[in-house]
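The values are calculated or read from the model by the stated rules, or taken from the named source; none is laboratory data. Computed from a predicted structure; not experimentally measured. Every residue, glycine among them, receives a Cβ derived from its backbone with ideal geometry; neighbour counts consider all protein chains shown.
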Amino acid sequence: MGREKVILAPPMPRTTLITGGAGFLGSHLAERLLAAGDAVLVLDDLSTGRRSNLAAVDGRPGFELHVGSATDPALVRELTARADVVCHLAAAVGVKLIVEQPVHTIVTNVDATRVVLDAASERETPVLFASTSEVYGKSEAVPFREDADVSLGATTRSRWSYACSKALDEWLALAYHAERGLPVTIARFFNVVGPRQTGRYGMVLPTFARQALRGAPLTVYGDGTQTRCFAHVRDVVEAAAHLLDRPDAVGQVVNVGSDEEVAIGELAERVRAAAASASEILHVPYAEAYAEGFEDMQRRVPDLAKLERLIGFRPVTPLDETIRDVLEAQRSPSAV
Ligand code: UDP
């Protein structure tokens, strides 16, 4: 008797649900996963996300946009049931928005995460949760390691409600993992920038780019010695896509970003030079820049050892190249 012939089924495309997938980071992740053969379901309420961010993937086979809220349990349950993995990015984002609408920030961030984790735990669908370097708060222990203490300001300052809501989300996600066996990975993103990011919610690089291209003053808040590390969104979604494939990332908190540190004052100069702009650089006191007494972080640098250990690389695009990409995107007619 001949041996039974084994016919290997072709690999099924994975279906990924991206909440907040019409946002800046989510839309780049949708493109990256579709390019790799995933089917992608996007859930977005189009509050800060935009349909136009998905122009490159709209109408592609395997892509669906669902307009609705990540706090809607029935809708989230229905989409999660169709997904092999969930990337939960939907959140109220941007420091400006948070200072202006603290109730919306807290409720959205905590409710949506609870709803998504609950839906995912029905079938133990793996979840990648998008957290933020904000959770380190005012810690000065740079570079920030994932297991370091967080240090938040007073509850009378609504600025910290964003960090606290995301920290609570992290605790909730880790609790679902520990108590209910849900496979969860937490990515703490550090100042992700790139094409399609709008300056409307206060982010500094798109704001400087727009100002430089219009010949308007570049508004440096405070004395400009505060530093950040800006990671190109292309690198960041590459890292996120790899994290999805790493079973040893489950149950882990992982910093994702660049560790090329730059002072905001110097960033303004580099943007102005790259744009060949004659704009002046204007120092704006924090009291004028933000709606309430504001505490800024002086330095923010990720420790990327864990990310590198898990996925074998780290974001690498040099800052000057990132600045050029942002300027180029803003020069295009569709830029906002
Ligand atoms: N910032 C600035 N000018 C602006 C917007 C922001 O100097 O027009 C500063 C802000 O105070 C902070 C840094 O740039 O020190 C990064 O701000 P962003 O809101 O982009 O991100 P954050 O790291 O604060 O989340």
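Would you mind stating whether residue 163 is modelled with pLDDT of 95 or more and either more than 10 Å from the ligand (Cβ to nearest atom) or surrounded by 19 or more Cβ atoms within 10 Å (Cβ to Cβ) (or both)?
Considered against the rule, which asks whether it is modelled with pLDDT of 95 or more and either more than 10 Å from the ligand (Cβ to nearest atom) or surrounded by 19 or more Cβ atoms within 10 Å (Cβ to Cβ) (or both), residue 163 comes out as no.
Here is a check on your reading of the model: is residue 309 surrounded by fewer than 13 Cβ atoms within 10 Å (Cβ to Cβ), at pLDDT 95 or above and assigned to a helix (DSSP H, G or I)? Yes, satisfied. Suppose we keep only residues that are at pLDDT 95 or above and over 11 Å from residue 328 (Cα atoms) within segment 188-203. Which one would you say is farthest from the ligand (Cβ to nearest atom)? Of everything passing the filter in segment 188-203, 188 is farthest from the ligand (Cβ to nearest atom). Of the residues making up segment 4-37, those that are of a type in the set (A, V, I, L, M, F, W, C) and modelled with pLDDT of 95 or more are 17, 18, 22, 24, 25, 29, 30, 33, 34, 35, 36. For segment 106-117, state whether one or more residues are modelled with pLDDT under 95, hydrophobic (A, V, I, L, M, F, W, C) and under 21 Å from residue 175 (Cβ atoms). Yes, there is a match, as at least one residue in segment 106-117 is modelled with pLDDT under 95, hydrophobic (A, V, I, L, M, F, W, C) and under 21 Å from residue 175 (Cβ atoms). Evaluation of residue 287 against the conditions (1) in contact with a strand residue (DSSP E or B) (Cβ under 9 Å, 6 or more places away or on another chain); (2) within 16 Å of the ligand (Cβ to nearest atom) shows that the sole unmet condition is (1). The set of residues in segment 271-296 being within 15 Å of residue 228 (Cβ to Cβ) and surrounded by 18 or more Cβ atoms within 10 Å (Cβ to Cβ) consists of 271 alone.
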